[in-house]
Amino acid sequence: QVQLVESGGGLVQAGDSLRVSCVASGRTFRSYVMGWFRQAPGKGREFLGTISRTGYSTYYSDSVKGRFTISRDNAKNTVYLQMNSLKPEDTAVYYCAAGAFSQATTPGAYDYWGQGTQVTVSS
C-alpha cells in the first residue's frame, strides 16, 4: 500500500508556471506507474499524463501536451507535474495516482490517490 500527498498548488496568473509535487510513503514507490489527473468544479476527473516506473517514458493527453511535463525521483519517492503557460481553464484540483498499468488514462485503472491540491489560474 502507498499513501500519496500532493503539494505546491496555489493561485497564479495566466501565463505563469507552477510545479506541483506528490510524495509517496513506503518503499514500493518505484514499483508503481504514476498518473496525474485534475478535476474542475462540476466536471469529471480528467487524465493529464502518466510516467513509467523508471521515469524514462511519459504519456500525455492532447489537452496538455507541450505545456505540462511529468517527472519522478524514485530516490525521493516523489513525482512532479510541471505546468507552463497556465490558462484560466487549467483551474482545478490536481491529483496524483499510483497504479500498475502503463499509460493508463482512466481513473479506475489506478489503485491509490492523493487528496489533491488546488490550482487556480486568474486571467
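So for region 42-65 (the condition being in a strand (DSSP E or B), of a type outside the set (A, V, I, L, M, F, W, C), farther than 20 Å from Gln3 by Cα and open to solvent by less than 50 Å² (accessible area, probe 1.4 Å)), does at least one residue qualify?
So far as region 42-65 goes, yes, one or more of its residues are in a strand (DSSP E or B), of a type outside the set (A, V, I, L, M, F, W, C), farther than 20 Å from Gln3 by Cα and open to solvent by less than 50 Å² (accessible area, probe 1.4 Å).
Within region 48-55, does at least one residue satisfy the condition of being over 18 Å from Gly108 (Cα atoms), basic (Lys, Arg) and at pLDDT below 95?
no
Here is a yes/no grid of residues against (1) among the polar types (S, T, N, Q); (2) more than 12 Å from the chain's Cα centre (by Cα):
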| position | (1), (2) |
| --- | --- |
| Arg53 | no, yes |
| Arg67 | no, yes |
| Met83 | no, no |
| Ser102 | yes, yes |
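Test Leu81 against the stated conditions and say whether it is within 18 Å of Ala14 (Cα to Cα) and either assigned to a strand (DSSP E or B) or open to solvent by 30 Å² or more (accessible area, probe 1.4 Å) (or both).
yes
Out of (1) assigned to a strand (DSSP E or B); (2) open to solvent by less than 10 Å² (accessible area, probe 1.4 Å); (3) not hydroxyl-bearing (Ser, Thr, Tyr), the odd one out for Leu86 is which?
Here Leu86 clears every test but (1).
Would you check which residues across region 89-101 are part of a strand (DSSP E or B) and either hydroxyl-bearing (Ser, Thr, Tyr) or at pLDDT below 95 (or both) and list them?
If the condition is that a residue be part of a strand (DSSP E or B) and either hydroxyl-bearing (Ser, Thr, Tyr) or at pLDDT below 95 (or both), then Tyr94, Tyr95 are the ones that fit.
Could you grab the pairs with beta carbons closer than 8 Å, sequence gap of 6+ or different chains, first residue in region 1-21 and under 12 Å from Thr78 (Cβ atoms), second one charged (D, E, K, R) and open to solvent by 30 Å² or more (accessible area, probe 1.4 Å)?
Close Cβ pairs satisfying both conditions: Gly8/Arg19.
I need the full set of residues from region 5-46 which are touching a Phe, Trp or Tyr at 6+ places or on another chain (Cβ under 9 Å) and within 17 Å of Asn84 (Cα to Cα), in order please.
Gly8, Gly9, Arg19, Val20, Ser21, Trp36, Phe37, Arg38
Within region 25-35, does at least one residue satisfy the condition of being open to solvent by less than 20 Å² (accessible area, probe 1.4 Å) and among the small types (Gly, Ala, Ser)?
Yes, some residue in region 25-35 is open to solvent by less than 20 Å² (accessible area, probe 1.4 Å) and among the small types (Gly, Ala, Ser).
Counting only residues that are over 13 Å from the mean Cα position of the chain (by Cα) and open to solvent by 40 Å² or more (accessible area, probe 1.4 Å), which one in region 107-121 is nearest to Pro41 (Cα to Cα)?
Among them, the one singled out is Thr120.
The values are calculated or read from the model by the stated rules, or taken from the named source; none is laboratory data. Since the structure is predicted, the reported quantities are computational estimates derived from the model, not experimental observations. Positions of Cβ are generated from backbone atoms using ideal geometry, with glycine treated the same way; all protein chains shown enter the neighbour counts. Accessible surface is based on the protein model in full, side chains and every heavy atom, while ligands, DNA and RNA are left aside. Shrake-Rupley method; radii C 1.70, N 1.55, O 1.52, S 1.80 Å.
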